[in-house]
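What follows is a short report on a single structure.
The values are calculated or read from the model by the stated rules, or taken from the named source; none is laboratory data. If you're wondering where the values come from, they're calculated on a predicted model, not measured in any experiment. Quick reminder, even Gly has a Cβ in these numbers, built from the backbone with ideal geometry, and neighbours come from all protein chains shown. These accessible areas exclude ligands, DNA and RNA; they are computed on the full protein's heavy atoms, side chains included. Shrake-Rupley method; radii C 1.70, N 1.55, O 1.52, S 1.80 Å.
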Amino acid sequence: MAIATPESYNAMLDAAKAGAYAFPAINITSSSTVTAAIQGFAEAESDGIIQVSIGGAQYASGSTIKDQVLGSVALAAYAREVATAYGVTIALHTDHCHAQYVDSWLRPLLALSTERVARGEQPLFVSHMFDGSSVPLEENLVLSEELLELSQAARTVLEIEIGVVGGEEDGHAAEINEKLYTTTEDGLATVERLGTGEKGRYLTALTFGNVHGVYKPGAVKLRPSILADIQKAVGEAIGKENPFDLVFHGGSGSTAEEITEAVDNGVIKMNIDTDTQYAFTRPVVDHIFRNYDGVLKVDGEVGNKKAYDPRAWGKLAEAGMAQRIVEASQQLRSAGQKIR
């Protein structure tokens, strides 16, 4: 199957960890961005991850409906059909479910997957992220432990965040300050509560100055060395080398050097959204500027249907986003890495 199963997703993660590379995880909001993301992975000959946030899911359900469960199901169904044509394995993931949305979004999706598994089918998504960064660490870990148990029944992987990502995404904002840096003590508390795989597989976003969005040079101080320090200290404490499967949040705008160091220190998934949004929109703007009198019916004229046909600028948008994903795959060293 082109859409990852629980077995193939675990194989993807294992291969990335063993091979010291990471998968781009691309946020999608529509059928067009789903197609663009998968096209980009295919052009890079890289397996990959597409993910939907609560805002993206609400938009996909219809901008006047705003049903995050409906939109998530719809995007997953579309991806499941079109991915079969591209020759790469695509994992479906949901992104940044904050504590206040667990009952209205994450639990319903886990319940849907559990029902599918009980019928002998594949889960709807293979991975979900619970973002407990806005609550105290102990509360974060208690809820993470509960969700990890539910994930076992749904045959899904849980992604958690230990620390805080600054900036703004989908209406959730966090300040850029020292809270953006996870500590070794936070890492030890995590493995004490969640284990190292025996309670179920989970991915961990340890924060090292990460910020959503793109900022001017010097505004964000990434310290990827924190990842190596925590991996080493926690690994020595529990007798397991590189105990965490790490996620890099807020990858847009990061330098090649920062990305390389993060991957070298155990990152196997990097989230990219702002950069791919821009890469999708920029060719559309160019098309509009170049075809102004065709896109608009200027001075009583009829315009040019070939210019304002959504397919004309839609193909350009998809190509632009796909190219940015190729670039990300090359930076993360996943280009050419396929499990099938």
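Q122 is checked against (1) assigned to a helix (DSSP H, G or I); (2) open to solvent by 50 Å² or more (accessible area, probe 1.4 Å); (3) in contact (Cβ under 8 Å) with a residue 40 or more places away in the chain and fails just one. What number does that condition carry?
Exception for Q122: condition (1).
Pick out the one residue from A76, A91 that is outside any helix (DSSP H, G or I), under 17 Å from the mean Cα position of the chain (by Cα) and closer than 25 Å to I38 by Cα.
Being outside any helix (DSSP H, G or I), under 17 Å from the mean Cα position of the chain (by Cα) and closer than 25 Å to I38 by Cα holds for just one of A76, A91, which is A91.
Only one residue in L150, L143 is at pLDDT 95 or above, open to solvent by 50 Å² or more (accessible area, probe 1.4 Å) and part of a helix (DSSP H, G or I), so which one is that?
L150
Identify all residues within segment 153-163 that are closer than 21 Å to I268 by Cα and either among the β-branched types (V, I, T) or open to solvent by 40 Å² or more (accessible area, probe 1.4 Å) (or both); write none if there are none.
R155, T156, V157, I160, I162
Whether any residue in segment 54-63 is farther than 19 Å from P6 by Cα and over 20 Å from the mean Cα position of the chain (by Cα) is what I want to check.
Yes, the conditions are met somewhere in segment 54-63.
(1) open to solvent by less than 40 Å² (accessible area, probe 1.4 Å); (2) in contact with a strand residue (DSSP E or B) (Cβ under 9 Å, 6 or more places away or on another chain): which one isn't true of R80, the others all being true?
Single failed check for R80: (1).
How many residues are open to solvent by 70 Å² or more (accessible area, probe 1.4 Å) and farther than 18 Å from E261 by Cβ if we restrict to segment 220-236?
Number of matching residues: 1.
May I ask you to list pairs of residues, at least six apart or on different chains, whose Cβ atoms are under 7 Å apart, with the first in segment 33-48 being assigned to a helix (DSSP H, G or I) and the second being open to solvent by less than 10 Å² (accessible area, probe 1.4 Å) and among the acidic types (D, E)?
F41/D47
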